[in-house]
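Trainee: Have a look at the structure that comes next, please.
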Amino acid sequence: FQGRMVIYRQKDELAGLAIVFNEMMDEIEKSFQQQKQFVEDASHELRTPVSILEGHLSLLNRWGKKDPAILDESLEASLFELSRLKKLIVDLLELTRAENNRSLMVEKANIDKILHQLIKNLEMIHPDIQFKLTIDRILPFAMISEQHLQQILIILIDNAIKYSKENKDIQISAEQAGSEILLSVIDNGIGIPADQVHEVFNRFYRVDKARSRENGGIGLGLSIAKRLIEKYNGSISINSKEGIGTKVSMTLPVVTENGRF
Ligand code: ADP
């Protein structure tokens with residue numbers, strides 16, 4: 001009788017193992033398909049500027065010496081495509097770095113200092129834009145590397161500027177809520193259609209490809225921001241109304257006394 005009990009238990013264990021094994025294989029298959037899709041998308045995105053560059057270079061080769069208008073136009077277009085290609089490569093590297101599973105150094109960021117520095121620089125570059133900054137008077141440090149936080153904020157503020165209309169004013173705020181810091185970037189821009197808001201964190205997703213392309217958008221900024229912030233146990237979400245504006249909200253854990261998450 002005891003022997004049969006053992007056999008039954010072994011059978012159950014085997015069935016359990018088979019389920020776990022199948023689930024693992026499904027996960028591996030899914031991750032493999034996602035990687036394949038990523039390589040396909042990245043190749044496609046890289047091909048576009050390369051083809052345009054090729055076209056302009058052959059124009060230059062044929063007519064450039066005789067026609068100064070073609071020389072000017074094609075040189076300018078080639079430089080634009082080249083800078084686009086460079087940004088694409090840099091962003092792809094950033095994304096791969098943000099996605100790899102290496103554990104991050106536990107660091108603390110002074111959000112107050114970072115935001116003031118960032119706004120000071122942005123005001124110099126964009127004198128036509130009003131940046132309104134609201135920060136809690138006493139704000140604890142956040143658990144994230146300062147360099148990564150800066151990178152995320154630049155992506156969000158850059159988007160707020162790129163997708164604005166005439167009113168380019170941007171509100172940025174930072175406050176503490178319990179064990180988290182809430183950060184938000186608000187613009188009065190073109191907004192995102194309701195049925196596409198959930199897509200914008202996907203790699204290479206752009207609501208309006210033509211508009212994004214015009215202002216250098218590649219569709220990787222929000223993917224990089226999301227992957228980075230989640231590595232630090234934070235979160236990011238978007239609220240948007242088409243034609244009215246967009247609010248991007250982030251949370252980050254505060255540094256506790258023992259300096260851990
Ligand atoms: P991109 O380089 O195209 O800006 P992102 O990943 O940063 O790529 O954003 C993805 C898409 O989400 C953009 O192409 C744009 O359509 C939309 N988007 C992002 N931020 C905003 C914003 N603040 N206002 C309106 N649309 C936005």
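The values are calculated or read from the model by the stated rules, or taken from the named source; none is laboratory data. Note that the structure is predicted; figures quoted are calculated from it, not measured. As a convention, Cβ positions derive from the backbone with ideal geometry for all residues, glycine included, and neighbour counts pool all protein chains shown. Areas reflect the complete protein model, heavy atoms only, side chains present, ligands, DNA and RNA absent. Shrake-Rupley method; radii C 1.70, N 1.55, O 1.52, S 1.80 Å.
Trainee: Assuming Lys162 fulfils every condition listed in (1) modelled with pLDDT of 95 or more; (2) open to solvent by 20 Å² or more (accessible area, probe 1.4 Å); (3) of a type outside the set (Gly, Ala, Ser) apart from one, which condition is it?
Mentor: Here Lys162 meets the rest and fails (1).
Trainee: Please list, ordered by first then second residue, the pairs with beta carbon atoms under 6 Å, 6 or more apart or interchain, first in the stretch 64-79 and part of a helix (DSSP H, G or I), second open to solvent by 100 Å² or more (accessible area, probe 1.4 Å).
Mentor: Partner pairs satisfying both residue conditions: Ile70/Trp63.
Trainee: Could I ask something else about it? What is the residue count in the stretch 119-164 for residues that are under 16 Å from the mean Cα position of the chain (by Cα) and aromatic (Phe, Trp, Tyr)?
Mentor: 1
Trainee: Within the stretch 138-158, does at least one residue satisfy the condition of being among the β-branched types (Val, Ile, Thr), open to solvent by 20 Å² or more (accessible area, probe 1.4 Å) and under 24 Å from Leu93 (Cβ atoms)?
Mentor: Initially, the stretch 138-158 is screened for residues among the β-branched types (Val, Ile, Thr), giving 138, 144, 152, 154-155, 157.
Those still in the list that are open to solvent by 20 Å² or more (accessible area, probe 1.4 Å) too: 138, 154-155.
Those left that are additionally under 24 Å from Leu93 (Cβ atoms): 154-155.
Within the stretch 138-158, one or more residues are among the β-branched types (Val, Ile, Thr), open to solvent by 20 Å² or more (accessible area, probe 1.4 Å) and under 24 Å from Leu93 (Cβ atoms).
Trainee: Just checking: which of the strands (runs of 3 or more DSSP E) contained wholly in the stretch 150-261 hold 2 or more residues that are more than 13 Å from the ligand (Cβ to nearest atom) and without any contact (Cβ under 8 Å) to a residue 60 or more places away in the chain?
Mentor: Details: elements: 170-177, 180-187, 235-241, 245-253.
Filter on the stretch 150-261 gives 170-177.
Trainee: Can you tell me which of Leu85, Leu79, Leu46, Leu71 is surrounded by 13 or more Cβ atoms within 10 Å (Cβ to Cβ), over 21 Å from the mean Cα position of the chain (by Cα) and more than 18 Å from Gln151 (Cβ to Cβ)? First the steps, then the outcome.
Mentor: Details: Leu85 fails: over 21 Å from the mean Cα position of the chain (by Cα); Leu79 fails: surrounded by 13 or more Cβ atoms within 10 Å (Cβ to Cβ); Leu46 fails: over 21 Å from the mean Cα position of the chain (by Cα).
Of the residues listed, the single one that is surrounded by 13 or more Cβ atoms within 10 Å (Cβ to Cβ), over 21 Å from the mean Cα position of the chain (by Cα) and more than 18 Å from Gln151 (Cβ to Cβ) is Leu71.
Trainee: If you don't mind, another one. Quick check on my filter: what residues within the stretch 157-213 are of a type in the set (Lys, Arg) and closer than 21 Å to Leu122 by Cβ? Working first, answer last.
Mentor: In the first step, residues of the stretch 157-213 are kept if they are of a type in the set (Lys, Arg); the result is 162, 165, 168, 203, 206, 209, 211, 213.
Listed by number, the residues that qualify are Lys162, Lys165, Lys168.
Trainee: Out of all the residues in the stretch 132-144, is one or more part of a loop (DSSP other than H, G, I, E, B), in contact (Cβ under 8 Å) with a residue 40 or more places away in the chain and within 15 Å of the ligand (Cβ to nearest atom)? Even if it seems obvious, please write down each step before you answer.
Mentor: Here is the first cut: in the stretch 132-144, the residues part of a loop (DSSP other than H, G, I, E, B) are 136-141, 143-144.
The next check asks that each one be in contact (Cβ under 8 Å) with a residue 40 or more places away in the chain; those that pass are 136, 139-141, 143-144.
Okay, now just the ones that are also within 15 Å of the ligand (Cβ to nearest atom), so none.
No, every residue in the stretch 132-144 fails to be part of a loop (DSSP other than H, G, I, E, B), in contact (Cβ under 8 Å) with a residue 40 or more places away in the chain and within 15 Å of the ligand (Cβ to nearest atom).
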